[in-house]
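The values are calculated or read from the model by the stated rules, or taken from the named source; none is laboratory data. Predicted, not measured: the structure shown is a model, and the values here were computed from it. Using ideal geometry, Cβ is built from the backbone for each residue, glycine included, and neighbour counts are taken over all protein chains shown. These area figures cover heavy atoms from the full protein model, side chains too; ligands, DNA and RNA do not enter into them. Shrake-Rupley method; radii C 1.70, N 1.55, O 1.52, S 1.80 Å.
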Amino acid sequence: MPSKRKKRLSMTETVQSYAMISVGVIGLFIFVVLPLLWVLRYCMFSYKGFGQIRFVGFDNFVRVFQRSPKFWLSVRTTFIFAIGKLCVELPLALVLACMLAKKLKGRTFFRSLFFMPSMLSVAVIGVIFSYMFSSYNGVVNEIIKIFNGVGGVRFFSDAKLALIVLMVASVWQNFGFNMLFFMTGLQSIPEDLYEAARIDGATERQQFFKITIPMLGPVIQMVVLNALLGSLKVTDLVLVLTDGNPLGQTETIMTYVYKQFFSGAGSAPDYGYASALVVVSAVILGIVTVIYLTSTKKGSEIY
């Protein structure tokens with residue numbers, strides 16, 4: 001009798017488990033698999049949303065590699081943006097995590113304060129930084145006037161300055177989120193390791209590089225990968241803050257693809273060409289992921 005009841009309960013638990021994961025599987029199929037199949041279908045055709053769908057074979061991919069200088073400019077800009085912001089964002093998040101992991105007064109307040117930008121809408125962040133770096137009456141220009149009497153720096157009219165503003169906005173938005181990941185990893189490191197190191201006469205700097213960094217290997221690998229892929233896929237912040245201006249110099253991979261799908265960058269959308277761009281972009285991201293995971297495999301292991 002108990003075995004039958006146990007069997008019935010296990011069957012019920014199995015059904016509940018499948019019911020719970022079915023929502024995610026259905027969502028994955030609707031929002032990932034179907035759009036992916038749609039893209040793979042249209043990348044071999046020429047279609048602008050009206051008229052006849054014409055089969056062109058690999059012509060869309062030939063166009064991507066031979067007649068799309070703006071796309072490859074966006075690829076270059078995206079990598080510059082990602083590498084530049086991560087060189088500031090991740091060390092900043094790690095240092096703040098190490099500071100706030102200690103027993104300091106007000107650390108809960110500062111944790112909330114640093115995490116708050118991650119909860120803001122991208123539209124709000126875009127408005128904030130637009131006002132801050134406005135050409136004539138922005139906060140930054142007013143500060144510049146106070147110090148040297150010269151203002152009116154046109155941040156969004158210069159490609160380099162506009163890209164720097166994007167980096168600053170992205171760092172401000174995301175460093176608190178990465179800080180929480182690092183803090184979670186720091187809490188899992190046994191305190192006995194630090195006590196033994198202090199007994200042996202290790203300084204705080206030696207403890208950081210010999211204990212903290214190696215023990216955080218898996219967390220660092222995960223955080224860097226997520227931050228890298230998120231930076232390479234940045235879309236909304238660019239659309240809100242610069243929209244790719246000036247003259248497409250701050251266009252990123254995803255904003256360029258987005259405009260080919262929905263606005264055609266000033267002309268009619270080209271679904272076939274845009275689908276080919278999606279495939280090429282996915283391959284680029286896949287290559288970056290494989291190279292990163294391969295190169296950091298040893299560093300992510302804890303001995």
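General remarks:
- Ligands, DNA and RNA excluded, the heavy atoms of CYS87 present near 90 Å² of accessible surface to a 1.4 Å solvent probe.
- Summarised in one figure, the compactness ratio Rg/Rh of region 40-187, Cα atoms and Kirkwood Rh, is 1.14.
- Accessible area per residue for the chain is 61 Å², calculated with a 1.4 Å probe on protein heavy atoms, without ligands, DNA or RNA.
- Sparsely packed loop sites in region 20-115 (the chymotrypsin sites (Phe, Trp or Tyr not before Pro) outside DSSP H, G, I, E and B with at most 16 other Cβ atoms within 10 Å) comprise PHE50, PHE58.
- Accessible area ranking (1.4 Å probe, heavy atoms, ligands and nucleic acids excluded), largest first, for ASP200, ASP243, ASP270: ASP200, ASP243, ASP270.
- Accessible surface for LEU73 stands near 50 Å², nearest 10, in the context of the full protein assembly shown (1.4 Å probe).
- Note on the chain: Cα Rg divided by 2.2 N^0.38 Å, N the number of residues, gives 1.28.
- Within the accessible area of the chain (1.4 Å probe), percent carbon and sulfur: 68 percent
- Computed FRET value (nearest 0.05) for LEU37 with VAL95, which takes r as the C-beta separation and R₀ as 51 Å: 0.70
- Here's how it looks for PHE45: its modeled amide H is under 5 Å from those of VAL56, which are all 5 or more places away or on a different chain.
- Gain in span if fully extended, ILE284 to SER22, counting 0.36 nm per residue against the direct Cα distance: 91.2 nm
- Over every Cα atom in region 26-101, the radius of gyration and the widest Cα-Cα span, Dmax, amount to 20.4, 62 Å.
- Dipole check for region 155-303: with +1 at the C-beta of Lys and Arg, -1 at the C-beta of Asp and Glu, and the Cα centre as origin, the magnitude is about 240 Debye.
- Computed over region 217-258, the Cα gyration tensor eigenvalues convert (square root of 5λ each) into semi-axes of 26, 8, 8 Å, ordered from largest to smallest.
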